[in-house]
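The values are calculated or read from the model by the stated rules, or taken from the named source; none is laboratory data. Only a predicted model underlies this, so the values are computations on that prediction, with no experimental measurement involved. Every residue, glycine among them, receives a Cβ derived from its backbone with ideal geometry; neighbour counts consider all protein chains shown. Just the protein is used for accessible areas: all its heavy atoms, side chains included, with ligands, DNA and RNA removed. Shrake-Rupley method; radii C 1.70, N 1.55, O 1.52, S 1.80 Å.
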Amino acid sequence: MTSIKKRSLLWEHFDIDSDDPKLAVCLLCNVKISRGGVGKKAGTSAMKNHMKTKHLNEFRVLNKDLAAVVPTTSLAIPGTSSSSVPNRQLTLTDTFERKLLWDVNDAKARKYHYLIAEMIALDNEPLSIVEKTGFTRLLEQALPRYKLPSRTYITQNIIPDIYDRIYEKIKNNMSSAFAISVTSDIWTCLHNNASFLSFTAHWVSPEFKLEHGVLAMKPFLGSHSGENIAKELNTVANCWDLEHSKIHLFIHDSGANMVKGVRLAEYDSARCFIHTLQRAINESLKAQVEVTTMIASGRRLVTHFNHSGLAQEKLLAIQKELNLPEHQLVQDISTRWNSTFYLMERLLEQKRAISLFVADHDTLTNLTAQQWCLMEQCINLLKPFEEITKITSSGLSCVSEVIPHVTALKKYLDKDEIEQRTPDLPHMRASLKAELESRFNCLNQDSNYLIATYLDPRFKTNYLGVVEAERARQEILLEYLKMSSEESSSSSSTPAKKSRVEETVSAVSREAHYTFWDCFNEVGNENNTSQSHHEERNAILCEIDLYLKSVRIARDRDPYIWWASNATQYPNLSKFAKIYLSAPCSSVYSERLFSESGLVYEDRRNRLLPFNAEKLVFIHHNLPLVQYEY
């Protein structure tokens, strides 16, 4: 039987007669109805009349469905008046109005104004996109009644309004936080030499969820002196109504002007862990001439392949022939030490392919056998440092991780096993030990690090010495007494500011990976000693003792989830956890903000005003954080 296209809803109650295609069979009463012919000659009028006269109730339901599909027409139903049918033929006025463009302030038009402004901020599109021919033609077809506003209207009305709404939402979220920790840095755009000061906030919500947001990427005018930095930091804090006492910790790099600025602004501060680790490793890479020469030789090889498309094609062919991973070589940059690690790791992975390529090209010099061996030893030695760098670059990384990581790294370097694996790197090992000692020697004196480690259920006192653990305990007691006295004299429930007292591991580095984490676990187990105290029992002391007796969670567990589940058991101690576990261990958050800013200030919009750039970066970063609701 020839198939037909059954477009009418009437076919829900009819089917074509199997013997005669000119007939339709009613599925309700099995009566055969003439279709008037076959193909284009066939119709549905007789079927509709049959439904009207024989199956009125089903026809009423069918009429509603037909009206929904074809709103400009309606079927006449016996016993009903035309006024009872909601759908009607459009009048000339209605038809004319459907051709009119929405006013720029019409609610339907403003909905699309905001969506376009969001797209510009989220996708780093130039503001001039609203004037582009392709985008204009697309919207003319998709939304005939919508007219794109000018770029001036977007920048002066829509983007500022989105900024203000997100500002209020983030401000409201921060108002419930016990304390706010801040990261800050300065960045200069290469396209127009405009400077910006970042100000990002981090806090723990009442539900123990770690939250963050960009409060400002403020245009920075004048010299980058400590005095000017201090002034701008306080200006941003005042714009957000952040009291000095609510800012727990300021995390920044080791730049002298930033250190001075934070000190003049009178904030309690901490150095960026990754930045300090970067400087320590860079110094150790320079401690041995053979290592410096090896890296320079490897860098020349990588540069050759990255600057020659033909060389890359030939290398790819060799990789396929040798069944090696089809990876490009990695170029390192001076501001990221781990990029040098990845350069060495990728070179060693492609050693056979590179050696075959160099053998056919007299202009290139391959690494010597000794240099390849030295590279392998460097990867073995530095693998744990690379893992720590990745871990502490995460958005969930906390200042509580610094002491355990540094302690484990020191123990790792003291292992005889490491000395045996890296026999050609004595000066580099010695330099790493000395750098870790000198650059992190103040950690055990800083109460911010001590208390944070103490209150992290992954570490507790296991990575602290007896003296350091006792000091952290005493600091918590002092803060508890201070908080209690202030709460007794005030109805405020907000505690006062504390006192001032990816990838698969390569075969070369797998053993170093396991050895380091064994060291990490050894440190935790060696210091697993209980301490007896004879102070008078009070609420906070009972909570501390109960907390220390609880099982320490694994290092890859989320401490915030643990505190969310146990906050009711430790009502007083959990308040301190919300304060001290709010601080990230690095200023990577600000660094990523500058990477986003670099995409905002690209060649297509290098004339963007700093005032507009600040708002676009603010929306770009914070809009996903507020779930696109503002």
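List of remarks:
- Complete set of residues in segment 118-128 that are open to solvent by less than 10 Å² (accessible area, probe 1.4 Å) and either among the hydroxyl-bearing types (S, T, Y) or closer than 14 Å to E629 by Cα (or both): none
- Check on T152, out of contact with any helix residue (DSSP H, G or I) (no Cβ under 6 Å at 6 or more places or on another chain), exposed (fewer than 15 other Cβ atoms within 10 Å of the Cβ), at pLDDT below 95 and closer than 27 Å to A270 by Cα: no
- If you filter segment 455-472 down to residues that are modelled with pLDDT of 90 or more and either among the small types (G, A, S) or in a helix (DSSP H, G or I) (or both), you find that the one that is surrounded by the most Cβ atoms within 10 Å (Cβ to Cβ) is L455.
- Criterion: hydroxyl-bearing (S, T, Y) and farther than 17 Å from L609 by Cβ - qualifying residue of S150, S184: S184
- Matching residues in segment 187-196 - criterion: being polar (S, T, N, Q) and either surrounded by 19 or more Cβ atoms within 10 Å (Cβ to Cβ) or outside any loop (DSSP other than H, G, I, E, B) (or both): T188, S195
- The lone exception for I251 - which of (1) assigned to a helix (DSSP H, G or I); (2) under 31 Å from the mean Cα position of the chain (by Cα); (3) of a type in the set (V, I, T) it fails: (1)
- Looking across segment 197-231 at every residue that is surrounded by 23 or more Cβ atoms within 10 Å (Cβ to Cβ) and among the aromatic types (F, W, Y), the one that is farthest from P610 (Cα to Cα) is identified as W203.
- No other residue among S176, S181 is under 31 Å from the mean Cα position of the chain (by Cα), under 30 Å from P206 (Cα atoms) and open to solvent by 40 Å² or more (accessible area, probe 1.4 Å) apart from S176.
- Check on N234, more than 26 Å from S397 (Cβ to Cβ), in a helix (DSSP H, G or I) and open to solvent by 10 Å² or more (accessible area, probe 1.4 Å): yes
- Matching residues in segment 134-150 - criterion: being within 15 Å of L115 (Cβ to Cβ) and assigned to a loop (DSSP other than H, G, I, E, B): L143, Y146, K147, L148, P149
- Residue under evaluation L92, criteria (1) at pLDDT below 90; (2) surrounded by 13 or more Cβ atoms within 10 Å (Cβ to Cβ); (3) more than 33 Å from the chain's Cα centre (by Cα), criterion not met: (2)
- Matching residues in segment 200-227 - criterion: being among the aromatic types (F, W, Y), within 23 Å of the chain's Cα centre (by Cα) and in a loop (DSSP other than H, G, I, E, B): F208
- The set of residues in segment 352-369 that are closer than 12 Å to L315 by Cβ and of a type outside the set (A, V, I, L, M, F, W, C) comprises R352, S355, D360, H361.
- The set of residues in segment 411-423 being polar (S, T, N, Q) and assigned to a helix (DSSP H, G or I) consists of Q420 alone.
- Residues located in segment 421-454, provided they are surrounded by 15 or more Cβ atoms within 10 Å (Cβ to Cβ), among the aliphatic types (A, V, I, L, M) and over 32 Å from the mean Cα position of the chain (by Cα): L425, M428
- Filtered residues of segment 254-279 (kept if out of contact with any Phe, Trp or Tyr (no Cβ under 8 Å at 6 or more places or on another chain), in a helix (DSSP H, G or I) and open to solvent by less than 10 Å² (accessible area, probe 1.4 Å)): M258, G261, F273
- Residue in segment 609-616 that is at pLDDT below 80 and over 22 Å from the mean Cα position of the chain (by Cα) present: yes
- Count of residues meeting criterion [open to solvent by less than 10 Å² (accessible area, probe 1.4 Å) and of a type in the set (A, V, I, L, M)] in segment 281-294: 3
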